[in-house]
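The values are calculated or read from the model by the stated rules, or taken from the named source; none is laboratory data. This structure is a prediction, so every number in the text was calculated from the model and none was measured. Here Cβ is always computed from backbone atoms with ideal geometry, including for glycine, and neighbour counts include all displayed protein chains. Each accessible area value is taken on the protein alone, full model and side chains, heavy atoms only, with ligands, DNA and RNA left out. Shrake-Rupley method; radii C 1.70, N 1.55, O 1.52, S 1.80 Å.
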Amino acid sequence: MTVRSAERFSVRGCEGHAPFPLGAWVFPAELEVVQELHAVLQATFRERHVVTPAEIEGQVPRAFALDDLLGFLARRRPAFDRALAGMRSPIEASRLATLAAVLRLSRDEVTAALRARATGAGLVEGSTVVYNSLSRAAERVEGLRELAASDAIIDFELELARLIAQPSWTPQIDWSELVPDAVEAASCVDPAYGAAEVDVDIARLVLPAAQCCVGPTAHAVRGDHDGLVWMSLAALDGDAPAPERAPGTILVRPSVAAEQVERLAFAAVPAALRAIAPGGALLAVTLVEDEA
């Protein structure tokens with residue numbers, strides 16, 4: 001079995017979901033881009049914040065800078081999003097009516113949003129990211145209805161779906177909304193119990209950046225790639241200088257949660273493997289849990 005790298009990717013509001021399929025996969029990647037990302041993440045993981053008890057008590061916001069990572073996304077993500085918008089997949093024609101009913105849209109609106117065209121045998125071909133995003137919205141609405149959620153909450157989800165169904169909608173993400181706040185993270189730990197450090201998961205930014213090294217339509221490659229030299233993209237910089245800290249303060253640093261991202265690594269490939277990795281590299285991704 002093989003998959004395309006972004007075949008499950010969806011967007012809700014300002015955030016992307018399922019940037020890679022669950023499980024362990026290896027995708028062909030562009031060596032220049034993945035090396036650039038490696039350098040960017042090394043710099044990103046060196047950022048440290050020392051938060052004082054007074055800041056926590058006063059709830060004084062202090063967002064991470066993440067300048068290198070946000071700069072990489074600004075440079076590399078637009079081309080990925082353009083390619084993503086053109087990615088298409090086969091869809092069961094009956095799903096159009098189901099999505100329309102759940103999301104209170106007309107079938108014509110769903111068809112137009114997907115730019116769907118019939119292909120025969122009960123199938124249509126449509127935009128992958130629009131279909132994934134509408135399907136995710138429908139799942140959330142159905143789940144909220146099962147929980148007897150308030151009309152206001154359900155209407156909010158329906159409004160997000162209506163935005164996706166607009167002909168002008170594009171799968172763009174507001175990266176600034178995903179930058180964590182150091183004080184908020186520090187407020188979740190209690191140094192009195194020995195927890196004087198906390199790692200903040202930035203996988204919501206790192207994984208979409210890793211997508212840029214691959215492209216949305218790249219197919220996973222098969223075979224044994226253990227003979228290659230792999231370098232982790234998610235490893236923290238153990239040599240980062242420790243800032244001076246007063247008693248009672250909490251050190252906050254960015255990380256990628258291993259509970260969800262079990263592996264994120266790349267390897268340059270020799271000439272013998274250029275047939276499967278013409279860009280000169282492979283990207284290994286193992287996701288063990290959807291980051292929804």
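Output the residues belonging to the range 60-93 that are in contact with a helix residue (DSSP H, G or I) (Cβ under 7 Å, 6 or more places away or on another chain), part of a loop (DSSP other than H, G, I, E, B) and not hydrophobic (A, V, I, L, M, F, W, C).
61, 62
Is there a residue being farther than 27 Å from residue 268 by Cβ, at pLDDT 95 or above and open to solvent by less than 50 Å² (accessible area, probe 1.4 Å) anywhere in the range 65-83?
Yes, because at least one residue in the range 65-83 is farther than 27 Å from residue 268 by Cβ, at pLDDT 95 or above and open to solvent by less than 50 Å² (accessible area, probe 1.4 Å).
Return the total of residues in the range 233-274 being in a loop (DSSP other than H, G, I, E, B), open to solvent by 50 Å² or more (accessible area, probe 1.4 Å) and at pLDDT below 90. Quick ask: steps written out before the conclusion?
Start the filter on the range 233-274 by keeping residues that are in a loop (DSSP other than H, G, I, E, B), which leaves 233-249, 256-260, 269-270, 274.
Those left that are additionally open to solvent by 50 Å² or more (accessible area, probe 1.4 Å): 235-236, 238-239, 241-242, 244-247, 258-259, 270, 274.
Going one step further and asking which of them are at pLDDT below 90, we end up with 235-236, 238-239, 241-242, 244-247, 258-259, 274.
So the answer is 13.
Between residues in the range 60-80 that are within 13 Å of residue 209 (Cα to Cα) and residues that are among the aromatic types (Phe, Trp, Tyr), which pairs lie under 6 Å by C-beta distance while being six or more apart or on different chains?
70/175; 73/175
Please verify whether the range 30-40 includes one or more residues that are farther than 30 Å from residue 181 by Cβ, of a type in the set (A, V, I, L, M) and part of a helix (DSSP H, G or I).
yes
Filter the range 103-127 down to the residues that are open to solvent by 20 Å² or more (accessible area, probe 1.4 Å), of a type outside the set (Lys, Arg) and in a strand (DSSP E or B) and list them by number.
118, 119, 120, 123, 125
Residue 100 - would you say it is over 17 Å from residue 12 (Cβ atoms) and either charged (D, E, K, R) or in a helix (DSSP H, G or I) (or both)?
yes
What number goes with the only condition from (1) buried (at least 16 other Cβ atoms within 10 Å of the Cβ); (2) farther than 30 Å from residue 273 by Cα that residue 205 does not pass?
Answer for residue 205: the failing condition is (2).
For the range 8-46, name all the residues that are in contact with a helix residue (DSSP H, G or I) (Cβ under 8 Å, 6 or more places away or on another chain), farther than 23 Å from residue 269 by Cβ and either without any contact (Cβ under 8 Å) to a residue 12 or more places away in the chain or of a type outside the set (Gly, Ala, Ser) (or both).
Within the range 8-46, 8, 9, 11, 12, 14, 15, 17, 44 meet the criteria.
Show the residue pairs that are 6+ apart or on different chains and have beta-carbon atoms under 7 Å apart, the first residue being within the range 155-175 and within 20 Å of residue 141 (Cβ to Cβ), the second being part of a loop (DSSP other than H, G, I, E, B) and at pLDDT below 90.
160/13
Out of 130, 141, report the one residue that is crowded, with 19+ Cβ neighbours inside 10 Å and farther than 27 Å from residue 214 by Cβ.
From the options 130, 141, the qualifying one is 141.
Would you check if residue 281 is at negative phi, in contact with a Leu (Cβ under 6 Å, 6 or more places away or on another chain) and surrounded by 15 or more Cβ atoms within 10 Å (Cβ to Cβ)?
Yes.
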